[in-house]
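Note sheet for the following structure.
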Amino acid sequence: EAQVTQNPRYLITVTGKKLTVTCSQNMNHEYMSWYRQDPGLGLRQIYYSMNVEVTDKGDVPEGYKVSRKEKRNFPLILESPSPNQTSLYFCASSPPGATSYEQYFGPGTRLTVT
Amino acid sequence: QKEVEQNSGPLSVPEGAIASLNCTYSDRGSQSFFWYRQYSGKSPELIMSIYSNGDKEDGRFTAQLNKASQYVSLLIRDSQPSDSATYLCAVRGSGGYQKVTFGTGTKLQVIP
């Protein structure tokens, strides 16, 4: 089944404790992206990657890191989480070519930082 | 001015009616336009994409694009209670890396 997976789905952590949210897709998509969704603010892009070893900042990159060492994986790293990073996080991927930017989303990770 | 604007709703329509969802965008050079449906607590799901002016139909859904007016809409015919969700408009802009910007969504309620 073609899909984007994220782990964990739910995470409660404390301020300053490093964490990684994994994202993996099995559709051979080149473009991958991370978003956070907050009430009233909608989906905001954190980081995106056009291909392996090619990443760039989105609208709200502060406090986050990413890496793209393999085409299928795009982990999101919070080196020192803070309460304002409490949010719902989505990973998404897009195929190349004419339908690029038609994004397929993972199930989401609900993160709470206390 | 927000890059992509939607009325937050809720938009309430009776079952069987046509629901009309609207979206405006600020980047005149925008190239691609998308509608996503998001059920509460779930991830967004792509339902329509449109790339050129005019109408595009897919089943009960019709997307309409007017680049001159910087306006894109989604019509849902014969609305069903299962269509009750938040609908997100997304626009691929003309910027250097051609990012996709999402609106904050319109909540649709279909009343049985």
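The values are calculated or read from the model by the stated rules, or taken from the named source; none is laboratory data. Source: prediction; values computed, not measured. So basically every Cβ, Gly included, is an ideal-geometry build from the backbone, and we count neighbours across all protein chains shown.
To keep it simple, each residue is scored yes or no on (1) under 29 Å from residue B:35 (Cβ atoms); (2) polar (S, T, N, Q).
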site	(1), (2)
A:26	yes, yes
A:32	yes, no
A:44	yes, no
A:61	yes, no
A:64	yes, no
A:84	no, yes
Let me confirm something: among B:85, B:90, B:68, B:17, which residue is small (Gly, Ala, Ser), over 24 Å from residue A:88 (Cβ atoms) and in contact (Cβ under 8 Å) with a residue 24 or more places away in the chain? B:17
Evaluate region A:96-105: report whether one residue or more is touching a residue at least 40 places away in the same chain (Cβ under 8 Å), of a type in the set (Gly, Ala, Ser) and touching a strand residue (DSSP E or B) at 6+ places or on another chain (Cβ under 6 Å). yes
Against the conditions (1) on the phi > 0 side of the Ramachandran plot; (2) surrounded by 14 or more Cβ atoms within 10 Å (Cβ to Cβ), where does residue A:53 fall short? Just the number, please. (2)
I'm told residue B:54 meets every condition in (1) more than 10 Å from chain A (Cβ to nearest Cβ); (2) at negative phi except one. Can you identify the failing condition by its number? (2)
Find all pairs meeting these conditions: Cβ atoms under 8 angstrom apart; at least six residues apart or on different chains; first residue within region B:29-44 and more than 8 Å from every other protein chain (Cβ to nearest Cβ); second residue surrounded by 14 or more Cβ atoms within 10 Å (Cβ to Cβ) and basic (Lys, Arg). B:30/B:67; B:30/B:92; B:31/B:92; B:33/B:92
Right, residue B:45: in contact with a Phe, Trp or Tyr (Cβ under 8 Å, 6 or more places away or on another chain) and either over 22 Å from residue A:35 (Cβ atoms) or surrounded by 16 or more Cβ atoms within 10 Å (Cβ to Cβ) (or both) or not? no
Which of the strands (runs of 3 or more DSSP E) found entirely inside region A:10-114 contain at least 2 residues meeting this: within 14 Å of chain B (Cβ to nearest Cβ)? A:19-25, A:31-38, A:42-51, A:54-57, A:87-94, A:109-113
Could you pull out every one of the strands (runs of 3 or more DSSP E) wholly within region B:35-112 that has 3 or more residues that are more than 21 Å from residue A:44 (Cα to Cα) and not charged (D, E, K, R)? B:61-66, B:71-76, B:106-111
Quickly run through region B:78-101 and pick out the residues that are surrounded by 14 or more Cβ atoms within 10 Å (Cβ to Cβ) and of a type in the set (D, E, K, R). B:83, B:92, B:99
Picking from B:70, B:64, the residue that is among the polar types (S, T, N, Q), within 27 Å of residue A:58 (Cα to Cα), surrounded by fewer than 20 Cβ atoms within 10 Å (Cβ to Cβ) and within 15 Å of the chain's Cα centre (by Cα) would be B:70
Only one of (1) at pLDDT 95 or above; (2) surrounded by 14 or more Cβ atoms within 10 Å (Cβ to Cβ); (3) within 14 Å of another protein chain (Cβ to nearest Cβ) is not met by residue B:3, so which one is it? (1)
Which one of these does residue A:48 not meet: (1) buried (at least 19 other Cβ atoms within 10 Å of the Cβ); (2) out of contact with any Asp or Glu (no Cβ under 8 Å at 6 or more places or on another chain); (3) not aliphatic (A, V, I, L, M)? (2)
